[in-house]
Amino acid sequence: MLKLYVQDFLRYRYLLYNLISRDFKLKYRRSILGVAWSVLNPLMMCAVMFVVFAPMMGGIRGGAGSNYAVYLVIGQLLFTFFREATTMAMSSIMGNALLLRKVYIPKYIFPLQKICFAMVNCLFSFIALVIVMVVTGTPLHATIFLGIYPLLTLAVFSLGAGMILSALAVFFRDVIHLWEVFTTILMWFSAIFYDPAQQFASVPLLIAAINCNPIYQYITAFRATVLYGQLLSGAQVAICGVWALVMLALGLFVFKKTQDKFVLYM
Amino acid sequence: MEPIIQVDNVSMRFNLAKEKSESLKEYFLQLVKGTLRFDEFYALKEVSLDVQPGDFYGLIGLNGSGKSTLLKVISGVYKPSSGTCRVRGTIAPLIELGAGFDMDLTARENIYLNGTVLGFSPKYIDAHFEEIVEFSELREFLDVPLKNYSSGMVARLAFAVATITKPDILIADEILAVGDFLFQEKCEKRMQALMSGGTTVILVSHSIEQIERMCNKVAWLEHGRIKMNGPTQEVCEAYKHTTREQ
């Protein structure tokens, strides 16, 4: 059984690659700056946020004002990845209805492809992160490479979420609108531009709520390795891993339960 | 000999479009009011069909008789509501030509995209690229976005991509209706060539004379059931007869 799945996946891995490259080509076709937008866009977004929030949040962790820019950029980039990946994955099944009704293709290819595409975009936007780090003179620690762990687990987490959303969106289009609202709320609870321990020291309940947000956990783990040069604690490794695996398992379960009915509702 | 396609007692049930609840609100409203019912519609009812290797099987029937649904069940797009469908071998589906095309990409890019939709590797497509271009006669337009193509040109490209492989089973749904007569002849020849190489073909067509010319066996579908199934001559005679009577 498992062998069959692997065979199927191997047969369609080129399709996965081609779909990603199609998205990429179409995104930048007819734009003069092209791929440079992948770097410029997050850079400009973060610049705006920096100008707005920096005066308010001055002394985040250690007080070094230069750190705040990096702190903010990391939060913004990772959250954007999650939002982009899940939002694109959500409509991926619907968007390929024409194809799925005509040809047999393993359906999970579409949400998976969108997660991969968002990951490619995210990697490009890391150039912006490097630029900010260099400009602000943030020391580069060897622990940067450990940042791969929260990043990959976040991708797995997003894949699980994307599979659930894409399946639900087939049956209830409302999900698309609900998700937009939900991710906005989630953003405020992800501590992108503030430090919860500092801002809400007097409201432990709020801090607890923020800690329950997996996205916040991924961002925190990534900041620990890239910004503060720390190793990941055992608890962090466990939290990132467990959230990812649970969400993926849930995603696979929902997807498998519903996928045969997709064609009937598109 | 073991049949290459074994359709066993397959039924395909659809919920009619007007009944499907597309929003959560509607869904819960209907759930609360107890009106969450689906009008059921059987596109296929207890259909059984065995196809032997090397057969050139024709499917005939009026519009809405379930021909396309049956093809989609065989090619794995639909999972039957009940019954089983077993297929031994690779399938090249020509159900709707160009379903895997992206109109914003050029023909060259689409050849690779559509090729991988059908499960070919890029290497394999590389090796057959010339053949595709040759067959579709679209060399001058290779780098033009597909949205600027005529429907006939799209069909030519799609047919060329889909038939570079030597599948065990070729499934064709009225694809020969597009394109001019010269291209239709070319397609028929290509299908005959695949046949002589051992490929099993299932063809849906409204052109009775085309079915008579190409197929050795024919199944006649009516309202989702198989009305008659057997050698071409017999079934086609009966089909023409009844059609005239009605």
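The values are calculated or read from the model by the stated rules, or taken from the named source; none is laboratory data. These numbers were taken from a predicted model, which means no experiment stands behind them. Cβ placement follows ideal geometry from the backbone for every residue including glycine, while neighbour counts extend to all protein chains displayed.
Here are some notes:
- Meets criteria (in contact (Cβ under 8 Å) with a residue 60 or more places away in the chain, away from chain B (no Cβ under 14 Å) and in contact with a Phe, Trp or Tyr (Cβ under 9 Å, 6 or more places away or on another chain)) for residue A:189: no
- Positions within the stretch A:215-266 being closer than 16 Å to residue A:149 by Cα and polar (S, T, N, Q), in sequence order: A:217, A:220, A:225, A:230, A:233, A:236
- Whether a residue is facing chain A (nearest Cβ under 9 Å), part of a loop (DSSP other than H, G, I, E, B) and either buried (at least 16 other Cβ atoms within 10 Å of the Cβ) or touching a Leu at 6+ places or on another chain (Cβ under 7 Å) (or both) was assessed, and residue B:78 passes this test.
- Only residues that are among the hydroxyl-bearing types (Ser, Thr, Tyr) and more than 20 Å from the chain's Cα centre (by Cα) were counted in the stretch B:113-135, giving 2.
- Filter result for residue B:188 (acidic (Asp, Glu) and touching a residue at least 24 places away in the same chain (Cβ under 8 Å)): yes
- Among the helices (runs of 4 or more DSSP H) confined to the stretch A:176-265, the ones with at least 3 residues that are touching a Lys or Arg at 6+ places or on another chain (Cβ under 9 Å) are located at A:262-265.
- Reported count of residues in the stretch B:111-151, each being within 14 Å of chain A (Cβ to nearest Cβ), within 21 Å of residue B:96 (Cβ to Cβ) and exposed (fewer than 15 other Cβ atoms within 10 Å of the Cβ), is 1.
- Top-ranked residue of the stretch A:100-146 - restricted to ones that are more than 14 Å from every other protein chain (Cβ to nearest Cβ) and not in a helix (DSSP H, G or I), ranked as surrounded by the most Cβ atoms within 10 Å (Cβ to Cβ): A:108
- In the condition set (1) buried (at least 23 other Cβ atoms within 10 Å of the Cβ); (2) modelled with pLDDT of 95 or more, residue A:149 is compliant with all but (1).
- Filtering the stretch B:200-230 to residues that are surrounded by fewer than 22 Cβ atoms within 10 Å (Cβ to Cβ) and more than 20 Å from residue B:65 (Cα to Cα) leaves B:213, B:214, B:216.
- For residue A:24, the test of being at pLDDT 85 or above, more than 10 Å from chain B (Cβ to nearest Cβ) and farther than 17 Å from residue A:124 by Cα is failed.
- Answer residue from the stretch A:171-190, given it is more than 17 Å from the chain's Cα centre (by Cα) and surrounded by 17 or more Cβ atoms within 10 Å (Cβ to Cβ) and is modelled with the highest pLDDT among those: A:175
- Note on the stretch B:88-99: among residues that are small (Gly, Ala, Ser) and out of contact with any Leu (no Cβ under 6 Å at 6 or more places or on another chain), the one that is nearest to the other protein chains (Cβ to nearest Cβ) is B:98.
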